[in-house]
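**Q** Starting off with a structure, shown below.
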Amino acid sequence: MTIQKKPVAIICLSPNSGGMELDAISFAKKLDPHVKTILIAKENSFIHKQLGHESLIFETINFSKMFSFSIIFNMRKILHKYDIENIVFFGASELRSLYFSFLGLDINLIIRHSTTKSSPKKDWFHKLIYSNVNYHVSTSKHLEKNVQYIIPFGKNSKSKMIYSSLNFSKPTHTQQTTLTLVHTGRITDGKGQIDAIYACKSLVENNIDFKFYIIGGFEEDYKDKFLDLYNSITYKDKIILVGFTNDVDSYLNAGDIFIFPSYGEGLSLSFREALAKNMICIAYNNTSFPELKELGLDFTLVEDRNINKLAESLLEISKNINNYQNLNNYEIMRDEFSETKELNAYFEIFH
């Protein structure tokens, strides 16, 4: 199915390797079969390195600061080169440069919001750089409220909520001889790895054997802090730091419990992937996690940032794991987060 729409640029200029960057690549791959799609990334970034393995059309820009003449001029060249009219921007900081890249052009600017922000940005400068945004697309109801509170809307800006879709395959659990815990996501402050490690102490104290796989790359300025804590844990032999991998599925298929005590998520891809695998999932009761409950998904919510309650829930589930299995989350996930539903919502707002 080819959609008669103008070419689309997916812009993500972040140097990081987290959910937003993976989401930008994934979204471009979803769009590409239906409309001409160009992914624009920072040169030598994680996204750039990943694109070497993809068939997507992509361009890169070399810059060192968020306000950069390199971004301004090179972005305009790319937009003219491909006759781009639709832009989906993943990010925030680089908008101060992109505003000037887009001046005088007929651009349908869509900003995709996937991260909860805390401080309102409604000063004159942010009002200026957000003034030409056509659509603020939020990937959850929680985020939509957050965006309306944080972001200044231009006179023609509209708000729209579109769930990001997942790639679905039937859950296939590979039974392990040892209780297997999993956490996936960038290792950084607030993502929950440290809280999860502390909660595992309840299993040690109750002589429950387990392995805990922590999957994801380090955010560099957090690495030393995390490793200092990890090396101080007496049961660290049970905690395996896998690092970044493209084979997350094999860990989810082998896992029993997905423990994800994040301090806040826009709408976690990692958590939804685990739900779709019918894993037993545990999260803190904050941000978008209650929204997933409202969809009928079955998992455990624990009082926000209460490590004692987290440990109690983990121990209870581990002792009675058969009572928490046989979940049907896969069917709900397949219906609520389908690729067709997501793409059709975007095609409605593309030129």
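The values are calculated or read from the model by the stated rules, or taken from the named source; none is laboratory data. In this text, all values refer to a predicted model and were calculated from it rather than measured experimentally. Virtual Cβ from ideal backbone geometry, glycine too; neighbours counted across all protein chains shown. Areas reflect the complete protein model, heavy atoms only, side chains present, ligands, DNA and RNA absent. Shrake-Rupley method; radii C 1.70, N 1.55, O 1.52, S 1.80 Å.
**Q** Against the conditions (1) within 23 Å of Ala28 (Cα to Cα); (2) touching a Leu at 6+ places or on another chain (Cβ under 7 Å), where does Ile129 fall short? Just the number, please.
**A** Looking at each condition in turn, Ile129 falls short on (1).
Let's see how each residue does on (1) assigned to a loop (DSSP other than H, G, I, E, B); (2) β-branched (Val, Ile, Thr); (3) buried (at least 17 other Cβ atoms within 10 Å of the Cβ):
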residue: Phe271; (1), (2), (3): no, no, yes
residue: Cys281; (1), (2), (3): no, no, yes
residue: Asn308; (1), (2), (3): no, no, no
residue: Glu312; (1), (2), (3): no, no, no
residue: Glu316; (1), (2), (3): no, no, no
residue: Asn323; (1), (2), (3): no, no, no
residue: Thr340; (1), (2), (3): no, yes, no
residue: Phe350; (1), (2), (3): yes, no, yes
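**Q** Could you grab me the full set of residues in region 180-211 that are surrounded by 19 or more Cβ atoms within 10 Å (Cβ to Cβ), of a type outside the set (S, T, N, Q) and within 20 Å of Tyr324 (Cα to Cα)?
**A** Within region 180-211, Leu181, Val182, His183, Ala196, Ala199, Cys200, Leu203, Phe210 meet the criteria.
**Q** Can I ask one more? Would you pick out the residues in region 325-337 that are open to solvent by 30 Å² or more (accessible area, probe 1.4 Å) and either farther than 30 Å from Pro7 by Cα or within 19 Å of the chain's Cα centre (by Cα) (or both)? First the steps, then the outcome.
**A** Step one: list which residues in region 325-337 are open to solvent by 30 Å² or more (accessible area, probe 1.4 Å), which gives 325-326, 328, 331-332, 334-336.
Across region 325-337, the qualifying residues are Gln325, Asn326, Asn328, Glu331, Ile332, Arg334, Glu336.
**Q** Could you name every one of the strands (runs of 3 or more DSSP E) located completely within region 33-101 that has at least 3 residues being under 16 Å from Lys6 (Cα atoms)? Quick ask: steps written out before the conclusion?
**A** Numbers: elements: 37-42, 57-61, 86-90.
In region 33-101, the matching strands (runs of 3 or more DSSP E) lie at 37-42, 86-90.
**Q** So, one more: Using beta carbons and a limit of 6 Å, which pairs, at least six apart or on different chains, have the first residue in region 247-267 and within 17 Å of Ile187 (Cα to Cα) and the second one in a loop (DSSP other than H, G, I, E, B) and among the hydrophobic types (A, V, I, L, M, F, W, C)?
**A** Phe258/Met279
**Q** Of all residues in region 15-45, which are closer than 22 Å to Glu85 by Cα and polar (S, T, N, Q)?
**A** Ser26, Thr37, listed by residue number.
Conditions tested, residue by residue: (1) open to solvent by 10 Å² or more (accessible area, probe 1.4 Å); (2) out of contact with any helix residue (DSSP H, G or I) (no Cβ under 9 Å at 6 or more places or on another chain); (3) over 25 Å from Lys341 (Cα atoms).
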residue	(1), (2), (3)
Lys5	yes, no, no
Ile11	no, no, no
Pro15	yes, no, yes
Leu22	yes, no, no
Phe27	no, no, no
Ile38	no, no, no
Ile47	no, no, yes
Met66	yes, no, yes
Asn74	yes, no, yes
